[in-house]
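S.K.: Got a structure for you, written out below as structure tokens; questions coming shortly.
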Amino acid sequence: MKIVAIAGGKGGTGKTFVALNLAYLALSRGYRTLFIDADVDNPSASAVLKPSIDRSEDVATFVPSIDSSRCRGCAKCVSMCPEHALVALPTGRILVIEDLCSGCSLCRLVCPFNAIAERKRVEGWIRVGSWNGMDVVVGELAVGSRKDAIVIKKLMDYASSIWSSHRYDYVFIDSPPGTGAKLYPIAKASKIVVVVTEPTPLGVSDLRKFFEFLESINFVGKIVVVLNKRGLSDRLEDEVRSIARSRNIPLIEIPYSRRVAECFASREIYVRRYGEDAIGEALKKLFDYVESM
């Protein structure tokens, strides 16, 4: 089983486009495939696929609820909170700043008066379904929640339990942008990372940052770089090629075309509609690289 993360620091480089086409190519070649939409802030891959959803589970976190009839204002919970999500007011009341709370429940454990009750807050959902014979798992962040890292961690735990009990040939993970904590469980679970970038100043800068992130977590899997939207800047494209060459990493180049946006807008898979043009051939070449890794 090959677990493939499609990632890259900057948003808008084409990660979802690449992930969907790789998954479709695997499916069309007879491989049993699992697709994970882990871009929980904006699960656009699932918006394109429109999978049939069989079940859905809440991702909930602990939030402290202070019982004022029991609280004596000792503030032990405040001093022990690692996120500083509890504040002792001059009146003696304990204020909970929910956005800072990580849900560790340490405050409840240390309270000597049993004045902290457990309250659950839904941070998002994990939805499981299928599309054209491909299993699909989607993570979605609740409106107003800032706990994307928690939702992604729960999503990856859930997805790993699925692929551990099924005989998939490929698992493709459409990753969120960035290089922070939310990407850690995805990268650690993956055997191959497809790093998608574009020939823009921010795209090149974030490509370097993404390699720094992989080095910081001691990633030992295989890597391939995708230079998407080729044709926008010769100078920046040469920079991307130089970065990949200096690290001895294979590079696939996908030309810029408005057809890509048109396909995405009409919720179509590019290689399904335009499989024989230059972009389709580049995507097939990318899959061949992944298949050979």
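S.K.: Those residues that are crowded, with 24+ Cβ neighbours inside 10 Å and charged (D, E, K, R), I need them from region 1-50; list them, please.
M.R.: The answer is Lys15, Asp37, Asp39.
S.K.: Right, something else. Quick check, is Val260 among the aliphatic types (A, V, I, L, M) and without any contact (Cβ under 8 Å) to a residue 60 or more places away in the chain? It would help to see each step written out before you state the result.
M.R.: Numbers: among the aliphatic types (A, V, I, L, M): yes; without any contact (Cβ under 8 Å) to a residue 60 or more places away in the chain: no.
No, not satisfied.
S.K.: Follow-up question, since we're still on this one. Filter region 40-52 down to the residues that are touching a helix residue (DSSP H, G or I) at 6+ places or on another chain (Cβ under 7 Å) and part of a loop (DSSP other than H, G, I, E, B) and list them by number.
M.R.: Residues satisfying the conditions are Val40, Asp41.
S.K.: Does Lys222 meet the test of being at positive phi and in the same structural domain as Trp163 (by TED's automatic domain parsing)? Talk me through it step by step, then tell me what you get.
M.R.: Numbers: at positive phi: no; in the same structural domain as Trp163 (by TED's automatic domain parsing): yes.
Answer is no for this residue.
S.K.: Next question, about the same structure. Mind listing whichever residues of region 155-203 are of a type in the set (Ser, Thr, Tyr), surrounded by 19 or more Cβ atoms within 10 Å (Cβ to Cβ) and under 22 Å from Glu57 (Cα atoms)?
M.R.: Ser175
S.K.: Next question, about the same structure. Among the residues of region 115-170, which ones are over 27 Å from Ser65 (Cβ atoms) and among the aliphatic types (A, V, I, L, M)?
M.R.: Val128, Met134, Val136, Val137, Val138, Met156, Ala159, Ile162
S.K.: How do the pairs read when you match residues in region 19-34 that are closer than 13 Å to Gly280 by Cα with residues anywhere that are charged (D, E, K, R) and assigned to a helix (DSSP H, G or I), using Cβ under 8 Å and keeping only pairs 6 or more apart or on different chains?
M.R.: Short answer, once both residue conditions are applied: Tyr24/Arg272; Leu25/Lys284.
S.K.: Here is a follow-up. So which pairs qualify, if the first residue must be in region 281-293 and β-branched (Val, Ile, Thr), the second must be at pLDDT 95 or above and surrounded by 21 or more Cβ atoms within 10 Å (Cβ to Cβ), the Cβ gap must be under 8 Å, and the two must be at least 6 apart or on different chains?
M.R.: Filtered contacts from region 281-293: Val290/Val4; Val290/Leu22; Val290/Val194.
S.K.: Let me ask another. With Ser216, Ser164, Ser160, Ser175 as the choices, which residue is in contact with an Asp or Glu (Cβ under 9 Å, 6 or more places away or on another chain), among the hydroxyl-bearing types (Ser, Thr, Tyr) and assigned by TED's automatic domain parsing to the domain that holds Ala45?
M.R.: When all the criteria are applied, what remains is Ser175.
S.K.: Moving on. Any residue that is among the basic types (Lys, Arg), more than 18 Å from the chain's Cα centre (by Cα), under 30 Å from Arg230 (Cα atoms) and outside any helix (DSSP H, G or I) - is there at least one of those in region 9-30? Let's see the steps before the verdict.
M.R.: Of the residues in region 9-30, the ones among the basic types (Lys, Arg) are 10, 15, 29.
Subset that is more than 18 Å from the chain's Cα centre (by Cα): 29.
Going one step further and asking which of them are under 30 Å from Arg230 (Cα atoms), we end up with 29.
Subset that is outside any helix (DSSP H, G or I): 29.
Yes, region 9-30 has at least one match.
S.K.: Could I ask something else about it? Considering only region 232-278, give the helices (runs of 4 or more DSSP H) lying wholly within it that have at least 2 residues that are modelled with pLDDT of 95 or more.
M.R.: 234-246
The values are calculated or read from the model by the stated rules, or taken from the named source; none is laboratory data. Small disclaimer: the values here were computed from a predicted structure and weren't measured. Because the Cβ atoms are built from the backbone with ideal geometry, glycine has one as well, and the counts that use them run over all protein chains shown.
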